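Computed from the coordinates by the stated procedures, all read-outs in this text should not be read as laboratory data. Only a predicted model underlies this, so the values are computations on that prediction, with no experimental measurement involved. So basically every Cβ, Gly included, is an ideal-geometry build from the backbone, and we count neighbours across all protein chains shown.
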Amino acid sequence: MIYEMRTFDLRPGMVPEFEKRYAAALPERTKISPLGALWHTEIGPLNQVIAVWPYADMAERERARGEAARTGIWPPNVQDLVAHEQAWILNPAPFMRPLPAGELGNIYEMRLYTAHLGKISDVIRVWSPRVADREKLSPLVACWFTDLGPLSLWIHVWPYPDLNARARVRADANDAGVSGPPREQDPGAGGVFAVALTRPVSEGGGGERADRTRILASGTIGDVEAGVRQ
């Protein structure tokens, strides 16, 4: 299984119109292959819409995209709204379950880490035994690493009812020692760059790890109508 994550950077104020046009084209497009998730950002990089498409492999992706293009139903007519677009191909972490259907929270937190080059296998190794205890507090929707796109990205997504619930869960996770691998075991911890509202602030020297956070709203997994409403 692979996942294609397409991120659309929109002109200011164009998110509602983009979602309207995207939703109108989805019923025919999803007859060819399913949509995994659709979100827009609320905190972090603004005016972004993020779509996730699962495929069995790259061959299925090419087949589905080719069929959609030939029928003329895809891509939707959103080009005038988009300032920039990028597509990443993601591999699921070994412990990731298939994307579940339904709306799992009112907000979704997407965290993106850049590990040291060649260290994704070590990230998987130190994360794998810790996920079950962390999920006792809140579920892990997705965990991926990049195959095509920016190298060595580690991405995980957590749903919450609201920001207050997120704060409580993260505090409980810190207290329980399950918020992440111990720093001394973390393959990317040589130097950390923390990003708030997409502005990086160095917290250490000599490393190549970044931590970026997006808060995603109107998110859905497998439910188009829930995913495009404001």
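Take Q86 and A24, extend 7 Å from each Cα along the Cα→Cβ direction, and tell me the distance between the two endpoints in nm.
The modelled label-to-label distance comes out at 3.0 nm.
In nm, to one decimal, how far is the E17 label point from the E135 one, both placed 7 Å along Cα→Cβ?
According to this spin-label approximation, the distance is 4.2 nm.
To the nearest 0.05, what FRET efficiency results for R125 and D172 with a Förster distance of 22 Å applied to their C-beta separation?
0.30
Short version: ³J(HN,Hα) in whole Hz for each residue of segment 21-30, in order, from phi by Karplus 6.51 cos²θ - 1.76 cosθ + 1.60 (θ = phi - 60°), x for Gly and Pro, what are they?
Each residue's phi maps through the Karplus curve to give 5, 4, 5, 5, 8, 5, x, 6, 5, 6 Hz.
Which order results if V15, V131 are arranged by neighbouring Cβ count within 10 Å, fewest first?
V131, V15
Amide H of S152 versus every other amide H placed in the peptide plane: which residues, excluding those fewer than 5 positions away on the same chain, fall under 5 Å?
Long-range HN contacts for S152: T146.
Which far-off residues, 5 or more places away or on another chain, put their amide H under 5 Å from the one on A142, with H placed in the peptide plane?
Under 5 Å from the amide H of A142 lie the amide H atoms of V157, each far enough along the sequence or on another chain.
Could you run the Karplus curve 6.51 cos²θ - 1.76 cosθ + 1.60 with θ = phi - 60° over segment 36-53 and give me ³J(HN,Hα) per residue in whole Hz, x for Gly and Pro?
The phi angles translate into x, 7, 8, 9, 10, 7, 10, 9, x, x, 8, 6, 10, 10, 10, 10, 10, 10 Hz.
Cα gyration tensor of segment 1-104, axes a ≥ b ≥ c as square roots of the eigenvalues: rounded (a/c below 1.5), prolate (a/b > b/c) or oblate? Could you put the intermediate results ahead of the total?
Values: a/c = 1.75, a/b = 1.19, b/c = 1.47.
Cα axes put segment 1-104 in the oblate bin.
Using the basic label-point model (7 angstrom from Cα toward the beta carbon), what is the R111 to W74 distance in nanometres?
Once both label points are built, they end up 3.2 nm from each other.
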